[in-house]
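The structure appears below as structure tokens.
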Amino acid sequence: MTPACDQVLAIDIGGTKLAAGVVDRAGRIVSSAQAPTVGADAEDLFEVLIGVVTEGIAGSELDSMAACGVGSGGPMSAGGVRISPLNIGQWRDFPLRDRLAERLGMDVWVDNDAKALALAEGWQGAARGSGNYLAMVVSTGVGGGVVVDGRLLDGHAGNAGHIGHMIVEPGGRLCGCGARGCLEAEASGTAIRAFTGAHPAEASEEVRVRTGEMVGRAVASVVNLLDLRLACVAGSVALGYGDVFFAAAQAELDRSCRIGHARGARIVPGGLGSSGPLVGAGAVAWRKLGVEVGVR
């Protein structure tokens, strides 16, 4: 049933920042706010999030919202009942969905933040009109969401699309997940800071090119496996490195996609820029409410 309300509360939970805002059924952000992901412990960080929500709705009443959609770093249990983001050490098995529902007094749906971005890019972004694509975030961490035949893939516990944990450098750097050589350990903002000793924005051209190559290598494996034609890549590292990153990523994709069905696949910047995460979180809610967001 289509909801009577025209707005949802959208929350994006990342390793660097928390954001919240109001998203209407056309995918427009009506208001928003953000704060650093900083808290002494689980409860302190939760209260920071509630503060961001209060600021982000900009005077609107919570009871005017149809529901709440959340995009969060993972992994998480099925339905986002409990979340354990690798880049947020305060939250391990944190019952985010139920805590928010109780505090806000509304239905809350939680999904992986990169899967939420995949919804946003198919709804209003660079993948609009495509039924087969990968959406990625290359930021503090690396995540992904995959759409095949017009359907967002979930997997056993909703964690499908974790491209950040594909091995791109065998025997490489130790990842937060415990493996070595994961894309997240080689190309995320956290990794770049660790091996350069500087903020990712200060990285040399060599590092920017290598980051693009690592991403292109991982994307090529997904494209070859799932017969995709498009990868939309967003996040502060990818978008911040710009043309150098995307040229290197496309060149690596072209080198690695030699089988017929994968040739010509493209890597493009996400079409929603910094708005993508909140639009995606809003799409998580609208999709559950039965509103058409371009992806099943």
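Quick notes on this structure:
- For the range 138-161, filtered to residues that are under 12 Å from the mean Cα position of the chain (by Cα) and not hydrophobic (A, V, I, L, M, F, W, C), the residue that is surrounded by the most Cβ atoms within 10 Å (Cβ to Cβ) is Gly143.
- Candidates Ala26, Ala33 - the one that is surrounded by 15 or more Cβ atoms within 10 Å (Cβ to Cβ) and small (Gly, Ala, Ser): Ala33
- Being surrounded by fewer than 16 Cβ atoms within 10 Å (Cβ to Cβ), among the aliphatic types (A, V, I, L, M), in contact with a helix residue (DSSP H, G or I) (Cβ under 7 Å, 6 or more places away or on another chain) and at negative phi is not true of Leu18.
- Qualifying residue in the range 194-217 (condition: under 17 Å from the mean Cα position of the chain (by Cα), over 18 Å from Thr16 (Cα atoms) and either surrounded by fewer than 23 Cβ atoms within 10 Å (Cβ to Cβ) or not basic (Lys, Arg) (or both)): yes
- Filtering the range 96-142 to residues that are among the basic types (Lys, Arg) and closer than 21 Å to Val268 by Cβ leaves Lys115, Arg128.
- Filter pass, Gly282 being surrounded by 20 or more Cβ atoms within 10 Å (Cβ to Cβ), on the phi < 0 side of the Ramachandran plot and in contact with a helix residue (DSSP H, G or I) (Cβ under 9 Å, 6 or more places away or on another chain): yes
- Of the residues making up the range 30-76, those that are polar (S, T, N, Q) and closer than 23 Å to Trp286 by Cβ are Ser31, Ser32, Gln34, Thr54, Ser60, Ser64, Ser72.
- Tally of residues being aliphatic (A, V, I, L, M) and within 16 Å of Val233 (Cβ to Cβ) across the range 120-174: 14
- Listed here are the strands (runs of 3 or more DSSP E) enclosed by the range 15-126 that have at least 3 residues being among the aliphatic types (A, V, I, L, M): 17-24, 29-36.
- Considering each residue of the range 252-267 in turn, at least one proves to be of a type in the set (A, V, I, L, M) and within 17 Å of the chain's Cα centre (by Cα).
- Qualifying positions in the range 127-137 - crowded, with 24+ Cβ neighbours inside 10 Å and part of a loop (DSSP other than H, G, I, E, B): Ala127
- Look at the range 191-204: where a residue is assigned by TED's automatic domain parsing to the domain that holds Cys177 and a partner is assigned to a helix (DSSP H, G or I) and exposed (fewer than 12 other Cβ atoms within 10 Å of the Cβ), sitting 6+ places away or on another chain with Cβ atoms under 8 Å, you get Thr196/Glu202.
The values are calculated or read from the model by the stated rules, or taken from the named source; none is laboratory data. Everything quoted here is computed from the prediction, not taken from an experiment. Note: ideal-geometry Cβ built from the backbone for every residue, glycine included; neighbour counts use all protein chains shown.
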